[in-house]
Every structure is written in structure tokens, then in C-alpha cells.
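Asker: Please read through the structure below; I'll follow up with questions.
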Amino acid sequence: MAEVVLYKELYSWQNDHDQAVFVDGANGLVIYQNVYDKSLRVIDSCKNNGVFNSTRFPKPLCESISFSSDGQYILYWHNNPLAIGVVDLSNPASSDALVDCMPYEETIVLSVFWSQCNKSNVDFVVVCTSCIDIYNLSPSNSTLRRLCSKRISCTDVWSDITGTNIIVLKNNQVLQPYRIVTKEVRLVTDIELSVRNGHKLQKSAITVATIYNDTYCIHKDASNGTLSLRSMTNNKAIDIVLELRCQGWLDIAVTDNLLLALTGGSETYIFDIAMKDKPLVAKVPQRKPSMASLSSDVQVFIPNVVVDYYGGFAYNLTIDHNMLMLLLSQSYAEPLVADFYQRRHGSVQRVMEIINSSISNSMNKLGTKTANNVAIPFNLVEEYIGDRSVITEYRFGKAILYPSVVKEWNLKPGENIFDAAVTLLCHHRNFKFETLLKIRDDLEIQTGFIDNFILRSRLTSASKDDVSCDFRDYLASPESDIPELYDPSTHQSPYVISVILCYFKALICHNLQPTHLLQVLLFDICVMHNEIAMVLQLIRSNIIRDSTYICYRLFFLYVILRDPVMRQQCLDMAFRLKLYGMCVTIAMLDEDYYNALVEVKLHSVRSFPLYRILYQAATDIEAQKRKPHLWPAMLAFIRCWAEESADNPKACAPPDLRNCEMWLPNL
């Protein structure tokens, strides 16, 4: 099996007394100092290339070198002689800004690092055995001033890569955390350690690292095989203890919020502390480089750089997520794997693959139908809906639901499901598709331009696009047979509809309303599966809410099916959306000409001229036979309307009598 944890070589050097290597974790840099030729070489651990091939740096061998967050300044510290200074890279001719080191001559400087607690200022921190000092560099004149000094007593110090959280060793069993806040050093609750009597706490036993936006003090106990994490930023968080087996050596790295525990036994433990019940994700062998090839002088720097000082190598630790995903899929259920990759950076596609695979497998087993006691695999994302979810509703609809329907019905990718569904309905019900197009062309459609193939139906578009009346034109294989309509009375509800409803339920439980895209997709898929009764029930229960996309779709379905319940729902929705032209069109389809006139007057529907109503009523002999009084009543209504408008034009708009002279010559 290929490696899961990869060691990418960043830099190598010949070990000598006049060379030093530093890791700037905040900027992801490896810094190589050569005292002999007075130069610095800087390697970007993320890009694996030299930032500066040779930067002049005429300083003695340093204890630390790091760059400011903007890369303009270098902060250095050396002990022989004692000096702490800042180099301005933008002005090579300028002198270094030096700290007055006289106060530190009677003490021991333990650490010097940049502080990023105030990104607008150039601040750094000096920690010695007796105090913590904060300095500020003025960019205008390159002068230093001390902002704050905190008296302490300690023998060692650790800090996170931002220089905001500091831990000092008060005695062998007590750590004292501090937090840098603007110009202040604030005390945080003590951390007591369980250290064996007579055993001295080593510098390498403590690491400060940030995981999932919480900064932890991590105690590495190689003898007991434990990693103990205590939050420094959340006092309500409980301590975390991770158990492992190691042989003499233990260190940690952090990448993508995963804690990697490197051990002397050539094994690497991968922990995800967000998985409360089982934080150990995997235990994998380390092959290259082997532990035998590493010297005993190895140190791991947060976040993920390993330096072998004696051997002269620097490595970047990364994870091959292809191999890790394969390993996890062999050991864990799909919900846990999806849970894990929900929290990984840039893993949207992986989560999509897991869900698509799960739904496809279930559909293959069920033949796209649900069955009793078959679990819908939507627990994969249900508990991760909301701000933390990588699965947005748009992605879910476009990347999961739509492709599953396209695959099931053998449709061309990019075809609108509603257009295909209506064409299939017309074919099996022997309804002339041209009738729909004629009604569409006479109707004023108010959807506007829609640049989304899921929402944009050519049949309901305001641009009156051409629509094929042959279902084969929608198929990926036009020579295929036209499928039969589903019979809801003999088939169970399609599996994909159950998945969508499960997702809707999860959204609503999180006080989130499904988007128009998902509601339209649910509507279209139900129509495609001939689940007309389900569509009406979903609208009645307000699961599918009012929208112009739904209303126009419902209208064209009514034109085909002439279902009275559908008619009423379509009318109600059209009234709520103020689509009065549709209400008039429905009245005309139902041969209710008088009511069509009432609607035109009541809502001032200018898009539907009166002459069309009068012409259709005059030529509808059957309607006049059924209602002999209909025609006189219509003419009388228009005359009264004209008189009412003449008396009070502000309260009542006049009727549009163009082309009505044949029937109303005196108006």
C-alpha cells in the first residue's frame, strides 16, 4: 500500500558549526543561515522553492530568525554577543533597529518572536527568565519602543505560531499560560502536569498548537504513551487525552486540523479531535524516510515541518488524501468518512463522491424505489447542514440530485427535467404539444432571464424558446425507446424523492428554508415520475412554496391534465403572486368567459385584450347553447364598465375596446 503520510524534502545541508536552520511556522518558511558566507536562504515549505537564493545577512550564529507577516522585516536574536534586532528588507541601506539588551544581561533570554495579536502594528515579544516584554517597531523611522513589561519567574517558554499565546514553566510541574492582548500580557489559569518525581520536564515535551480555532497546550508523554490537550482559549472545553504506543520518541505535527503523532516505532497516528467518540482516525507506517535514517536530533515544528539537525534535512509533512480515503473506506462506514471529510479543506468533491456513491448504490439495490426498513443514506449530511456544511443546497441539487435523475432517465446532461417530463406526459396522454406552445405564446410570462438549466424551462421562459415535442430529443441515446409513465398506484415512491424530502426535513429542523432551486427540482422530479398527487400535496402543505417557477409549471400541467384540484391550487398561487394574466387564461381554458371579463376589469389586466375574449366567446357555439344568456351578459358587463369608467376614471380604468367594434359599435 502506498504511503498515507508523506515526507517531502524541502532542503538539505552539510552539518557544520557555522550553519543554523530555523522554522518560521507562521509564514511556512524554512530559514537556513550560513555564517561563513553571511547569507540567508529562505525556503517556502508550501511551494518548495527559494524565496531568496542569497540574502546578505552579516550576523553571528543566531538563536532565532523569523519574518514579519508581510515579509518586510526580519527579527533575529543571537547570544554571542547578545543582540535582538529587526532588519528592514525594503531599505537595505538602513541600520538595524536594535533592542537595548542591558536589562537582559543579568537574566537569560529564552525566546524572541513576532506577535500577530494586532495585525496593524509591527510588534514582537522578548521572553526571559524574569520578564515578558512587548516591543513595537515604528515603520516611519525604524525605532523601537517597549509597550509593556510583565514580571515573571520561569525556566522555559513555549508559544504558538501567532505569538499570541505563551506558556512559561514556573516549576517542574506547573505551567503558567499568558495571552498577549494589544499592549497587555494577561494571565491565564495555571496548568498542572503529572510528572514523575525526579523526572525533569524537557522542552520537547510541550507544544502549543491551534486545532479547529482552539489553541491547545499539548503535553507529549512518551513513557506513558499519551498526548494531553488542554484548551488555552476556551476555559469550558474539557481536556483531551489521546493514547498511543511509542518507542522512546514522540512528537506531533498539525495539518488540516489533523494531529499527526510521530513515534520512534516508525508509525504515525492520525487523530481528529472533532470525532469525540473515536479520535484515532488511522495508524499508518512511516516508510520514507525510515526512522533509522533519521538522527536522534530531530524536531517537529508546528504546523508540519520536520528538521533533522544532525543529518541535515528539512521535510514538509503532508497527507495523501486519496490513500487516506481508501484506507478509511475499508474500515469505516460512509457516514463517518463523510463526517471526516466535511472538516477537511478543499474536500467538497470527496464528500460529493461519497454521497453520490451511497445514493447510487442504494438506487441500484432498490431499482430506484424505496422499500420498508431501508435506511436513506442522508444521515451522511443531515447533521452537518448549516454554516459548517460544505454541501450547499446548490451543490446538492446540481451535483447529486440532478445527475441521478439524468442517469435514471438517460437524459442529455443540461436538459431541463420539466421540459422532458411534460413532453413525456403529452406523448402518453395523446395531448398535442403544439397546444401548449400556442398558449405559452399568448401568455405574458414574468420569470425574467434565468441562467440555470435546472430552473430554466424553455416551455416557461419569457423568451419563448423553441421546445421539442419529441421526447427522444431529450435522450442521450435518441434511438432508445420512449419509457412508460410511472404508475403511482402500483409503484412505491421513487427513492430519489425520498432523499430530497429527507433533506428538506433536515433543513427545516435547522430553521432553514429550502431554496427555490431545490423546490423546483423536487417539483420537476415528481412530475417526471408521474407523482402528480404528491406534487399537489407538497404545495398544499407548503413544502413547495409559492414562486413564479412553480406557478407556471403548475399552469402547464393543468393545461394537460385539467385536474380540478390542480386548477384551484394554480389559481390560488397566481392570485398570491399577482399573476392575473394567468387567472384570465385559466378562465378562458375553462370557457368561463364572463369570469374572464371580471378578472380583466378587477385587476386591470392589460396583457389580455378584450377582443380575444369576445372573439372566443362569439365563436364558441357550444358554450352559448349551454348558457343562452352568456353573450348578452358579457356585452352588458362591458357597457356598464365603460359607463362606470366615464363617471369616475380614477377609480375604474376604461376597458380596452380596440378591435371590438364588431360587437360594440356604439362604444
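Asker: Starting from the Cα-Cα distance between ASN452 and ARG576, subtract it from 0.36 nm times their residue separation and give me the gain in nm to one decimal.
Answerer: Stretched out fully, the ASN452 to ARG576 stretch lengthens by 42.2 nm.
Asker: Please go through the range 86-190 and write out the GluC sites (Glu not before Pro) that DSSP classes as loop and that have at most 11 other C-beta atoms within 10 Å.
Answerer: On the way: sites: GLU105, GLU106, GLU184; in loops: GLU105, GLU106.
Filter output for the range 86-190: GLU105, GLU106.
Asker: Using 0.36 nm per residue, how much length does the chain from ARG639 to GLN616 gain when fully extended, once their Cα-Cα distance is taken away? Walk me through the intermediate numbers first.
Answerer: Working: separation 23, 0.36 × 23 = 8.28 nm, distance 1.86 nm.
Once the chain is fully extended between ARG639 and GLN616, it gains 6.4 nm.
Asker: Which net charge results for the neighbourhood of ASP239, defined as the other residues with beta-carbon distances under 14 angstrom from its beta-carbon, given Lys and Arg at +1 and Asp and Glu at -1?
Answerer: Residues near ASP239 contribute -2 overall.
Asker: With labels modelled as points extended 7 Å from the Cα through the Cβ direction, what inter-label distance (nm, one decimal) is found for ASP442 paired with ALA333?
Answerer: Each label point lies 7 Å from its Cα, and together they span 5.8 nm.
Asker: Considering amide H positions built from the backbone, and no H for Pro or chain starts, which residues 5 or more places from CYS131, or on another chain, come under 5 Å of its amide H?
Answerer: ILE152
Asker: Taking θ = phi - 60°, what integer Hz values does the Karplus form 6.51 cos²θ - 1.76 cosθ + 1.60 yield along the range 424-440, in sequence order, with x for Gly and Pro?
Answerer: Along the range 424-440, the couplings run 5, 4, 4, 4, 7, 9, 6, 9, 6, 5, 4, 4, 4, 5, 5, 5, 4 Hz.
Asker: A further question on this structure: Classify the chain as rounded, prolate or oblate from the Cα gyration tensor: take a ≥ b ≥ c as the square roots of its eigenvalues, call it rounded if a/c is under 1.5, otherwise prolate when a/b beats b/c and oblate if not.
Answerer: Note, shape of the chain comes out prolate.
Asker: Another one. Just to confirm a number: summing +1 for Lys and Arg and -1 for Asp and Glu over residues other than SER228 whose beta-carbon lies under 14 angstrom from that of SER228, what do you get?
Answerer: Values: positive: LYS220, ARG230; negative: GLU192, ASP221, ASP239, GLU243.
Taking every Cβ under 14 Å from that of SER228, the sum is -2.
Asker: Could you list which residues have their amide H under 5 Å from that of LEU82, counting only those 5 or more apart in sequence or on another chain, with H placed in the peptide plane?
Answerer: none
Asker: Listing VAL298, VAL122 from the residue with the fewest other Cβ atoms within 10 Å to the one with the most, what is the order?
Answerer: Ascending number of Cβ neighbours within 10 Å: VAL298, VAL122.
Asker: So what are the ³J(HN,Hα) numbers for the range 90-95, from phi and the Karplus equation (6.51, -1.76, 1.60; θ = phi - 60°), rounded to whole Hz, Gly and Pro as x?
Answerer: Using θ = phi - 60°, the values come out as 6, 9, x, 7, 6, 7 Hz.
Asker: Give the residue list of chymotrypsin sites (Phe, Trp or Tyr not before Pro) in the range 1-94 that are DSSP loop and have at most 16 other beta-carbon atoms within 10 angstrom.
Answerer: TRP13, TYR36
Asker: Something else: Quick check: the angle from helix 321-331's long axis to the longest principal axis of the chain, C-alpha only, nearest 10 degrees?
Answerer: Here the helix axis deviates by roughly 80 degrees.
Asker: Listing HIS199, HIS603 from the residue with the fewest other Cβ atoms within 10 Å to the one with the most, what is the order?
Answerer: So the residues, fewest neighbours to most, are HIS199, HIS603.
Asker: Sticking with this one: Per residue of the range 180-189, what does 6.51 cos²θ - 1.76 cosθ + 1.60 with θ = phi - 60° give for ³J(HN,Hα)? Whole Hz please, x for Gly and Pro, Karplus curve as stated.
Answerer: Result, rounded to whole Hz: 7, 10, 6, 9, 9, 10, 9, 7, 10, 4.
Asker: Compute the helix-to-body angle for 564-576: its Cα long axis versus the longest principal axis of the chain, expressed 0 to 90° and rounded to tens.
Answerer: 60 degrees
Asker: Fully extended, how many nm does the chain gain between ASN91 and ASN595 (0.36 nm per residue separation, minus their Cα-Cα distance)? Mind dumping the intermediate values first?
Answerer: Numbers: separation 504, 0.36 × 504 = 181.44 nm, distance 8.42 nm.
Taking 0.36 nm per residue and subtracting the Cα distance, the gain is 173.0 nm.
Asker: Moving on. For the range 154-270, just say rounded, prolate or oblate: build the C-alpha gyration tensor, square-root its eigenvalues into a ≥ b ≥ c, call rounded for a/c under 1.5, and beyond that prolate if a/b exceeds b/c, oblate if not. Display every interim value, and only then the final one.
Answerer: On the way: a/c = 1.99, a/b = 1.33, b/c = 1.50.
Taking the square roots of the gyration eigenvalues as a ≥ b ≥ c, the range 154-270 is oblate.
Asker: Taking amide H positions as placed 1.01 Å from N in the peptide plane, with prolines and chain starts having none, which residues 5 or more places from LEU147, or on another chain, fall under 5 Å of its amide H?
Answerer: Residues meeting the amide H criterion: ILE134, TYR135, ASN136.
Asker: Now, a different point. For the range 374-577, what does the relative contact order come out to in percent, with C-alpha contacts under 8 Å and a separation of six or more?
Answerer: 26 percent
Asker: Compute the acute angle (0 to 90°) between the alpha-carbon long axis of helix 548-561 and the principal axis of greatest extent of the alpha-carbon atoms of the chain; round to the nearest 10°.
Answerer: Once rounded, the angle reads 40 degrees.
Asker: For the range 591-667, calculate the relative contact order in percent as a whole number, restricting contacts to Cα pairs under 8 Å that are 6 or more residues apart. Walk me through the numbers on the way to the answer.
Answerer: On the way: 56 pairs, mean separation 26.6, N = 77.
It rounds to 35 percent for the range 591-667.
Asker: Of ILE621, ILE270, ILE560, how do they rank once you tally other Cβ atoms within 10 Å and put the fewest first? Before the final figure, lay out the partial values.
Answerer: Numbers: ILE621 8, ILE270 21, ILE560 17.
Ordered from fewest to most neighbouring Cβ atoms within 10 Å, ILE621, ILE270, ILE560 come out as ILE621, ILE560, ILE270.
Every number here is computed from the coordinates shown, using simple stated rules; none is lab data. None of the values given here were measured: they were computed from a predicted structure. Methodologically, a virtual Cβ is constructed for each residue, glycine included, from the backbone with ideal geometry; neighbour enumeration extends over all protein chains shown.
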